[in-house]
Every structure is written in C-alpha cells, then in structure tokens.
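Beneath this line is the structure, given in structure tokens, with notes to follow.
No value in this document is a laboratory result; all are computed from the given coordinates. Since we're looking at a predicted model, the values are computed, not measured. When we count neighbours, we look across all protein chains shown, and the Cβ atoms used for this are built from the backbone with ideal geometry, even at glycine.
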Amino acid sequence: MTPIAIIDFETTGISPNMGDRATEVAIVMLEGGQVVDRYQSLMNAGVRVNSFITQLTGITNEMVQAAPAAEQVMREAARFVGGRPMVAHNAAFDKKFWQAELARCGEDGAHPFACTLLLSRRLYPQAPNHKLGTLAALHHLPSSGRAHRALADAEMAAHLLAQMQHDLKTRYGCSQADHALLMGLQRTSRHMVGPYLKQRAAA
DNA sequence: TGCCAGGCCCTCTTTAGGGCCTT
C-alpha cells in the first residue's frame, strides 16, 4: 500500500492571503498503520511571531530567526513527500499554506489532500467535537509531545488516520482503506456514508 | 480607525445564517 503523508503546519495566523506565513512544518509517513518516517523543521519566513501564537505554540521569534529559510525547508518538505497522497486535520487550512509556501519557491503543491476532520464527522458523529485533541482522547491515541507543535500534531493526526483505517476494515469490512477510499468517503454526504462503505466493502 | 479566512455542515434552510476547525 502506498504510504500516506500526514502534514501539519504551525503558522503566524490563519490566512496566507492576509500575509500569514508558516513557522514550522512536520510530515509523517504512515504505512500499514505504522509511522515509518518523519520530517520536521522550523522555518524562517522573515516575519514576526505575535505573542498569541507564541503562547499557543511555544514558538518564539528567536526560534524562527535561528531556523533555516522557509524556501529551503519547503523544498526539503516537497522532496520528502514526493508524489504521495497527503492528509491533514482540517486539510483546507494546511493545504492552502502548503500551496502558498511552495508557490513562493516555484514548486507545485497540487497534491490530493484527504481531511481527518471531514472523515471524523462521517465516521464518529457521536464525538463531542472534532478537534484533533478531543478525537485523540476519545480513541486513547498515544501523545508524543506538546500539542500545537507540528510534529506532535502530525503524529496525532497519523494515529487518528490509522484508527480510522482500522475501523473501516473491522467495522465496515473495507479491506482497502486507502487514500482513494478516504477521498470518496469525505465527499460522501453524512446520510450516504453507510451505503458508500457497503459498496466499497463489496468492491 | 477598524476590520480582515474559508470550506464544510446543520437547520428554526435552499431567496440564509451561523457554528466548527485550523494558527
């Protein structure tokens, strides 16, 4: 099965269109339900980190200023991902930073992104909410570091994805819980999840 | 000066509004 690249960005804000930039990126490779490789780096995009972000993430201006240039980090990250399909929690957010930061260094960010937030809303509608930390606690997933740091959050999202793949196989009989199935599932309306998984399990 | 995202999803909807989720 093709490895899936799970990505998480820490940034200066929520919108690259409003001038926000990435400060840290982490990518973990998930294969056969196991994390098999990792990439993580702070990055210096030449912007200041405000106090709210420092309080949220622990990332300071000193840390960012000492980090390698954003272009260098993003090129390394793109090489690490290669042509593999990608996943993020609330992928709309990470996808726009992935594309915006890669566009700045002339790289193509046109990867298919699946979203553990959308998948969670379909697979775990009973969850009290669909924040990454809540879902990790709900499923008793391992924690590997401070929340709101890129590598810890990427690993948490990878563990959540592995849990989803496990549930798709054991609860719904989907033997190939691959990226194509995930993309189909997240495009499926909440009311059609059962029929969709039944059809995929029979395929 | 004050404000600024955006895609998804639910419902007291669909000729719309507001909450969730990410930093």
**Prompt:** Going by the structure shown, is A:Ala91 touching a Cys at 6+ places or on another chain (Cβ under 9 Å) and of a type outside the set (Asp, Glu)?
**Reply:** yes
**Asked** So which helices (runs of 4 or more DSSP H) stay within region A:1-89 end to end and still have 1 or more residues that are in contact (Cβ under 8 Å) with a residue 60 or more places away in the chain and within 14 Å of DNA strand B (Cβ to nearest atom)?
**Response** A:51-57
**Complete:** Reported set for region A:144-163 where residues are touching a residue at least 24 places away in the same chain (Cβ under 8 Å) and surrounded by fewer than 16 Cβ atoms within 10 Å (Cβ to Cβ) is A:Arg146
**Request:** Please find, within region A:137-184, the residue that is farthest from the chain's Cα centre (by Cα) out of those that are charged (D, E, K, R) and closer than 18 Å to A:Gln34 by Cα.
**Result:** A:Lys169
**Prompt:** Does region A:136-143 contain at least one residue that is closer than 17 Å to A:Phe9 by Cα, within 11 Å of DNA strand B (Cβ to nearest atom) and either touching a residue at least 24 places away in the same chain (Cβ under 8 Å) or in contact with a Leu (Cβ under 6 Å, 6 or more places away or on another chain) (or both)?
**Reply:** no
